[in-house]
Amino acid sequence: MRIDAIILREVHLPLVRPFETSFGVTRERRILLAEVQSEGLTGWGECTAGEHPYFSAESTDSAWAAIVHELGPMLAADPPEHGGDCPRIFKLVRGNRMAKAALENAIWDIEAQREGVPLAQLLGGVQETIPCGVSLGIQSSIPELLAIIEKELAAGYQRIKLKCKPGWDVEVFERVRHRWPGITLSCDANSAYRLRDADHLVTFDAFDLLMIEQPLWHDDFYYHSMLQKRLETPICLDESIRNRRDALAAIEMESCKIINIKLGRVGGFSEAIAVHNAAQERGVPVWCGGMLESGIGRSHNIALSSLENFTLPGDVSASARYWAEDIIEPEVTVSSAGEITIPDTPGRGYEVRADLIERLTVRKEKIRALELVG
Ligand code: OSB
Ligand code: MG
C-alpha cells in the first residue's frame, strides 16, 4: 500500500475520575494518535505510552520523537503490504514498542478496510463477544472502593481487579472478600513488591484471587519464578512480557501461569498474536490489558480479544468509565452480562470523530510521504 501521509496528533483527554497505581496518579491522558492515509483509506493507531516513563521506558514525548524521526520515515520509504510487514520495516529501531504499535496497528486498520473484513477477522479472531473486567485504582479509603465495586458489579462486569501496593493490600482484600465472597477478584501490583515481601505475598493466597499481576520487578522472570513456587495463587505477568520470546521464557521458567497481553507493550498486533499463539500452544490463558486508552486503542483491544485464547476477562471496559465523551462513535458499551460484542462491520467497527479529535488536539504534525522519504 502506498503511504500518502502520516499525521501525528497529541490529544488531551481528562479522565472522569483519577486513576491511581503504585507508581502515581493520572488525571488527564496525553494521547498520541497516528492517522495513516493510504490510497483513499485512513487507518488510526493509538500510542499507549504514559505521560511519564513509569510503566515502561516510553512516554508520550519519546514516542512522538521516535515516530517523527525514525518510524514514520521508515514506513514511508518501505511501504507495507500488510500490517504484519511492520516488524520487519521497524527492525533497526530497538524498543520503542508503543510507538511502533501506533503505526503498525493503523496499517492493520487500513488492511481490514481494504479487504472489507472486520479487523477481528483479519487478526484471526473467532469469538463474537468478549468477557469484560474492570481495573480499579487505589482509592483514598476502603468504603470508597467498596462503593465503586458495588457499582461495577451491578453494571455486570465479570472480574474486579484491584490495584495494590504495600499498605493497600491484605486489609483491602479482606474487606472486599468479606462483602463479596464469591466474585472473581484479582490484584495488580505494578512491581510494588520485592523478594523480601515474599512472606507477605504468600498471605494473599487466603483471598482466592484469580491472579496476582506483576508483583515484582518490571523486567524480571527469575524472581517471579521463585515466588510462584511459594504461591498457590497464579502469577500473571504484564510489564515483563515484551515479545514472544519473553512469553516462552516466562512459561518455561514457570514465572507465571497467566499472561496479560497489551498491544503497545509488545509492539503491535503481529507480536500480540505471536504471544497469544505461544501461550495457547502451551496451555497458558491470556487476557487483554488496558492502558487507559481512548476509543481508538480500545477498538483495537476489542478486535484482539476475539482471538481464541483470550479466555479470561480483560481490562477492556466501557468508554463511559474513562471519558465524558469518547473520540469514537458509537462509544464502547458493555452489556448487563459484562460482555462487549465484536463489531462485524469492515475495519475497526467504530467511526472516528474527526471533529472532536481536532478540538482536542494540542500538537499536530503532518508529514507527507515524499517529505518523509526525503
Ligand atoms: O498495569 O494494567 C496496568 C493502567 C495504566 C498503566 C498500567 C495498567 C493500567 C490499568 C488500567 O490497569 C487498565 C484500564 O485501561 O482500565
Ligand atoms: Mg498491569
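The values are calculated or read from the model by the stated rules, or taken from the named source; none is laboratory data. In this text the structure is predicted, and so the values were computed from the model without any measurement. Please note: Cβ atoms are built from the backbone with ideal geometry, for glycine as well, and neighbour counts cover all protein chains shown. These area figures cover heavy atoms from the full protein model, side chains too; ligands, DNA and RNA do not enter into them. Shrake-Rupley method; radii C 1.70, N 1.55, O 1.52, S 1.80 Å.
Can you find even one residue in region 194-201 that is within 14 Å of ligand 1 (Cβ to nearest atom), at pLDDT 95 or above and of a type outside the set (Ser, Thr, Tyr)? Full working, then the answer.
Within region 194-201, the subset within 14 Å of ligand 1 (Cβ to nearest atom) is none.
No, region 194-201 contains no residue that is within 14 Å of ligand 1 (Cβ to nearest atom), at pLDDT 95 or above and of a type outside the set (Ser, Thr, Tyr).
All but one of (1) assigned to a helix (DSSP H, G or I); (2) modelled with pLDDT of 95 or more; (3) surrounded by fewer than 20 Cβ atoms within 10 Å (Cβ to Cβ); (4) not charged (D, E, K, R) hold for Leu71, so report the exception by its number.
With respect to (1) assigned to a helix (DSSP H, G or I); (2) modelled with pLDDT of 95 or more; (3) surrounded by fewer than 20 Cβ atoms within 10 Å (Cβ to Cβ); (4) not charged (D, E, K, R), Leu71 is out only on (3).
List pairs: first in region 108-137 and under 30 Å from Glu152 (Cα atoms), second acidic (Asp, Glu) and within 16 Å of ligand 2 (Cβ to nearest atom), Cβ under 7 Å, 6+ apart or cross-chain?
Gly133/Asp315; Ser135/Asp188; Ser135/Asp315; Gly137/Glu20
Matching residues to (1) in a helix (DSSP H, G or I); (2) open to solvent by less than 10 Å² (accessible area, probe 1.4 Å):
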position: Trp287; (1), (2): no, yes
position: Ile296; (1), (2): yes, yes
position: Ala303; (1), (2): yes, yes
position: Leu307; (1), (2): no, yes
position: Ala320; (1), (2): yes, no
position: Trp323; (1), (2): no, yes
position: Asp326; (1), (2): no, yes
position: Thr333; (1), (2): no, no
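Out of region 249-271, which residues are touching a Lys or Arg at 6+ places or on another chain (Cβ under 8 Å) and away from ligand 2 (no atom under 13 Å from the Cβ)? Lay out the reasoning, then the answer.
Let us first name the residues in region 249-271 that are touching a Lys or Arg at 6+ places or on another chain (Cβ under 8 Å), namely 251, 254, 264-268, 271.
Passing the criteria: Ile251, Glu254, Val266, Gly267, Gly268, Glu271.
Please go through region 48-65 and give me each residue that is open to solvent by 10 Å² or more (accessible area, probe 1.4 Å), small (Gly, Ala, Ser) and in a helix (DSSP H, G or I), ordered by number.
Scanning region 48-65 gives Ser62, Ala65.
Kindly indicate the residue of region 149-205 that is acidic (Asp, Glu) and either within 20 Å of the chain's Cα centre (by Cα) or surrounded by 15 or more Cβ atoms within 10 Å (Cβ to Cβ) (or both) and also nearest to ligand 2 (Cβ to nearest atom) among those meeting that condition. Lay out the reasoning, then the answer.
Residues of region 149-205 that are acidic (Asp, Glu), as a first pass: 150, 152, 169, 171, 174, 188, 197, 199, 205.
In the following step, the residues that additionally are either within 20 Å of the chain's Cα centre (by Cα) or surrounded by 15 or more Cβ atoms within 10 Å (Cβ to Cβ) (or both) were identified as 152, 169, 188, 197.
Details: Glu152: 17, Asp169: 15, Asp188: 4, Asp197: 17 Å.
Per the stated criteria, the residue is Asp188.
Restricting to region 118-130, name every residue that is touching a strand residue (DSSP E or B) at 6+ places or on another chain (Cβ under 9 Å) and open to solvent by less than 30 Å² (accessible area, probe 1.4 Å).
Result: Pro118, Leu119, Gly125, Ile130.
Any residue at all in region 211-234 that's more than 25 Å from Ala279 (Cα to Cα), buried (at least 21 other Cβ atoms within 10 Å of the Cβ) and not aliphatic (A, V, I, L, M)?
So in region 211-234, the residues more than 25 Å from Ala279 (Cα to Cα) come out as none.
There is no residue in region 211-234 that is more than 25 Å from Ala279 (Cα to Cα), buried (at least 21 other Cβ atoms within 10 Å of the Cβ) and not aliphatic (A, V, I, L, M).
Among the listed residues Ile241, Ile258, which satisfies the condition of being within 15 Å of ligand 1 (Cβ to nearest atom), surrounded by 22 or more Cβ atoms within 10 Å (Cβ to Cβ) and in contact (Cβ under 8 Å) with a residue 12 or more places away in the chain?
Values: Ile258 fails: surrounded by 22 or more Cβ atoms within 10 Å (Cβ to Cβ).
Going through Ile241, Ile258 in turn, just one is within 15 Å of ligand 1 (Cβ to nearest atom), surrounded by 22 or more Cβ atoms within 10 Å (Cβ to Cβ) and in contact (Cβ under 8 Å) with a residue 12 or more places away in the chain: Ile241.
Within region 188-215, can you find the residues that are out of contact with any strand residue (DSSP E or B) (no Cβ under 9 Å at 6 or more places or on another chain) and on the phi < 0 side of the Ramachandran plot?
Answer for region 188-215, where residues must be out of contact with any strand residue (DSSP E or B) (no Cβ under 9 Å at 6 or more places or on another chain) and on the phi < 0 side of the Ramachandran plot: Arg194, Leu195, Arg196, Asp197, Ala198, Asp199, His200, Val202, Thr203, Asp205, Ala206.
For the structure I just gave you, tell me whether Ile138 is in contact with a strand residue (DSSP E or B) (Cβ under 6 Å, 6 or more places away or on another chain), open to solvent by 10 Å² or more (accessible area, probe 1.4 Å) and either modelled with pLDDT of 95 or more or acidic (Asp, Glu) (or both).
Spelling it out, Ile138 is indeed in contact with a strand residue (DSSP E or B) (Cβ under 6 Å, 6 or more places away or on another chain), open to solvent by 10 Å² or more (accessible area, probe 1.4 Å) and either modelled with pLDDT of 95 or more or acidic (Asp, Glu) (or both).
For region 348-373: of the residues being open to solvent by less than 50 Å² (accessible area, probe 1.4 Å) and touching a Lys or Arg at 6+ places or on another chain (Cβ under 9 Å), which is modelled with the lowest pLDDT?
Result: Ala369.
Would you check which residues across region 271-283 are open to solvent by 10 Å² or more (accessible area, probe 1.4 Å) and not small (Gly, Ala, Ser) and list them?
Pass one, region 271-283, residues open to solvent by 10 Å² or more (accessible area, probe 1.4 Å): 271, 273-274, 277, 280-283.
Answer for region 271-283, where residues must be open to solvent by 10 Å² or more (accessible area, probe 1.4 Å) and not small (Gly, Ala, Ser): Glu271, Ile273, Asn277, Gln280, Glu281, Arg282.
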